[in-house]
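Enquirer: Here it is: the structure, laid out below.
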Amino acid sequence: MGKKLAFLIAVVAGSACECVLSSDQSPAAATVTVIHDIRYREGPSKQWRLDLAMPANRAGKPRPGIVVIHGGGWLEGDKSSFTLHKYGVPGNIEDFAALGFVAVTINYRLSGEAPFPAALEDCRCAVRWLRAHAGDYNLDPKHIGAYGNSAGGHLALLLGMAGPWRGRPVSRTLKPGAGRRQRQRPA
């Protein structure tokens, strides 16, 4: 329960961060490094790419991470809406990096390419990739949150509620009533 609560707090904190920097404020290019189109999963889909932003100064203790997930009704959308300032969307990964996060925004398979739970599985793979490469980006693998708008917000919530990966497909970790206490019927 503690890990899920910490994850949800990170999501809420990510939402609060969007108020600190408005969409027309761009952090100085010297303070943030952005890497585009990193493949986070092997396979045939062209969607399995992410953009990563981090503070240019990589010294110090490992930084918290945040996965930013685009919306679009699971039918459309692209990670670039959270990478480029021209879209004016709050929660831009450069803004998060300027605040000290290692931030990624991901593409995932849309419903036209693969049905649910494919998008959620892709989000989980992106988090696993981020943890596996934590040392490369001075990231604390135990402190990764998620943020998204619309369908991305839904996926961020499911990411926090889906239970441990352990090689199991999402459909086996999302169980109706999981985490709720079952009422005991009197004998």
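Since every read-out is calculated from the coordinates, none of them should be taken as a lab result. These numbers were taken from a predicted model, which means no experiment stands behind them. Glycine gets a Cβ as well: all are built from the backbone with ideal geometry, and neighbour counts include every protein chain shown.
Enquirer: Going by the alpha-carbon gyration tensor, a ≥ b ≥ c the square roots of its eigenvalues, is segment 32-162 rounded (a/c under 1.5) or, if a/c is not under 1.5, prolate (a/b greater than b/c) versus oblate?
Expert: Cα axes put segment 32-162 in the prolate bin.
Enquirer: Could you give the length gained by full extension between ALA59 and ARG128, i.e. 0.36 nm per residue of separation minus their alpha carbon distance, to one decimal place?
Expert: 22.5 nm
Enquirer: Can you classify segment 45-116 as rounded, prolate or oblate using the Cα gyration tensor, where a ≥ b ≥ c are the square roots of its eigenvalues, rounded means a/c under 1.5, and otherwise it's prolate if a/b beats b/c and oblate if not?
Expert: prolate
Enquirer: Right, here's the next one. Using the Cα gyration tensor of segment 73-146, with a ≥ b ≥ c the square roots of its eigenvalues, what is the shape: rounded (a/c below 1.5), prolate (a/b larger than b/c) or oblate (neither)?
Expert: Details: a/c = 2.83, a/b = 1.22, b/c = 2.32.
It is oblate, given that a/c is not under 1.5 and a/b is not larger than b/c.
Enquirer: I've got another one for you. From the backbone phi of segment 141-151, what are the Karplus-calculated ³J(HN,Hα) couplings (6.51 cos²θ - 1.76 cosθ + 1.60, θ = phi - 60°) in whole Hz, Gly and Pro given as x?
Expert: These are the phi-based 3J(HN,Hα) values: x, 8, 10, 10, x, 9, 8, x, 10, 6, 4 Hz.
Enquirer: Let me ask something else. At TYR87 and GLU113, where each label point lies 7 Å from the Cα along Cα→Cβ, what is the point-to-point distance in nanometres?
Expert: Here the answer is 1.5 nm between the modelled labels.
Enquirer: While we're here: Describe numerically, in nm with one decimal, the distance between label points set 7 Å from Cα along Cα→Cβ at HIS36 and at SER80.
Expert: 0.8
Enquirer: For MET161, MET54, which order do you get if you count the other beta carbons within 10 Å of each Cβ and list the fewest first?
Expert: MET161, MET54
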